[in-house]
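**Q** Here it is, the structure, as structure tokens.
The values are calculated or read from the model by the stated rules, or taken from the named source; none is laboratory data. On a predicted model such as this, the values are computed, not experimentally measured, just so you know. All Cβ positions, glycine included, derive from the backbone under ideal geometry; neighbour counts span all protein chains shown. These accessible areas exclude ligands, DNA and RNA; they are computed on the full protein's heavy atoms, side chains included. Shrake-Rupley method; radii C 1.70, N 1.55, O 1.52, S 1.80 Å.
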Amino acid sequence: MIRVVVVDDQEMVREGFSALLNAQDDIEVIGAAGNGVQGVALARTVKPDVVLMDIRMPEMDGLTATRLLLDGSQELKVLVLTTFDLDDYVYEALQAGASGFLLKHAPARELLNAVRVVAAGEALLAPSITKRLIEDFVRSRRSDRIRPAQLGVLTERETEILVLIAQGLSNTEIAAHLVLAEQTVKTHVSRVLTKLGLRDRAQAVIAAYESGLVIPG
């Protein structure tokens, strides 16, 4: 069962998301909050698997709340929800440690899939949006960066898998591409994240681009 907290300043949105998620056999909403301050306090108390986090809220915005929640936490996942398709929000959300980004007007099936994917740590969400933005982000901020020394801790196979993660491939697709068992791929992915001190695949994608291992475009 995936335990979820919904943080949004609009009551109708909170109730709508909660009803949709609670209707699923594998998802349970265990709390809701109307701003970042309440959301941080609630999440620290009930310890959900995933927090659905709005960005623009009173008292404390979702980006600040995400930073506070994920500071030192490797277990909690944050899925950022917003009505604003603005690049800077995506950059800040990913820098804060969010595992995914989804626009509020996305279809219900995409939201449900997003929660499940983020809970599993499987993939960066909304690739049509975030892949472009990450590439632009890295291109504009890394003109002279070199490959970081910490990538040297990876084996040749692990480096190969990190490249494929950055290209947006799922574990199943990586397994097919490399002709490996999917469980073997999962083991390699876990080792990549552990060795580089990364929370999930979203951070792995950013690391691959920022290090120059994968070149934008």
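**Q** So is R67 outside any strand (DSSP E or B), in contact (Cβ under 8 Å) with a residue 40 or more places away in the chain, in the same structural domain as L102 (by the TED database) and open to solvent by 10 Å² or more (accessible area, probe 1.4 Å) or not?
**A** no
**Q** Further question on the same structure: Pull out all pairs, ordered by first then second residue, where Cβ-Cβ is under 6 Å, the residues are six or more apart or on different chains, the first lies in the stretch 40-52 and is charged (D, E, K, R), and the second is open to solvent by 10 Å² or more (accessible area, probe 1.4 Å).
**A** Partner pairs satisfying both residue conditions: D49/I2; D49/R3; D49/A119.
**Q** Pairs under 8 Å by beta carbon, first residue basic (K, R) in the stretch 90-111, partner open to solvent by 10 Å² or more (accessible area, probe 1.4 Å), six or more apart or different chains?
**A** K104/V13; K104/T83
**Q** Looking only at the stretch 100-142, filter to residues that are acidic (D, E) and part of a helix (DSSP H, G or I); which one of those is modelled with the highest pLDDT?
**A** Per the criteria, the residue is E110.
**Q** If you don't mind, there's one more thing I want to ask. Within the group G97, G62, which residue is open to solvent by less than 10 Å² (accessible area, probe 1.4 Å) and either modelled with pLDDT of 95 or more or under 27 Å from T194 (Cβ atoms) (or both)?
**A** Going through G97, G62 in turn, just one is open to solvent by less than 10 Å² (accessible area, probe 1.4 Å) and either modelled with pLDDT of 95 or more or under 27 Å from T194 (Cβ atoms) (or both): G97.
**Q** Run E158 past the list (1) among the charged types (D, E, K, R); (2) over 23 Å from G97 (Cβ atoms); (3) buried (at least 16 other Cβ atoms within 10 Å of the Cβ) and report the number of the one that doesn't hold.
**A** Unmet condition: (2).
**Q** Could you check, for the stretch 21-32, whether at least one of its residues is open to solvent by 70 Å² or more (accessible area, probe 1.4 Å) and either touching a residue at least 24 places away in the same chain (Cβ under 8 Å) or under 17 Å from V118 (Cβ atoms) (or both)?
**A** Within the stretch 21-32, one or more residues are open to solvent by 70 Å² or more (accessible area, probe 1.4 Å) and either touching a residue at least 24 places away in the same chain (Cβ under 8 Å) or under 17 Å from V118 (Cβ atoms) (or both).
**Q** Before we move on, is D8 modelled with pLDDT of 85 or more and either buried (at least 20 other Cβ atoms within 10 Å of the Cβ) or within 19 Å of V205 (Cβ to Cβ) (or both)?
**A** Yes; evaluated as a whole, the condition is true for this residue.
**Q** Would you point out the residue of the stretch 162-217, among those that are among the small types (G, A, S) and part of a loop (DSSP other than H, G, I, E, B), that is farthest from V78 (Cα to Cα)?
**A** Here the answer is A181.
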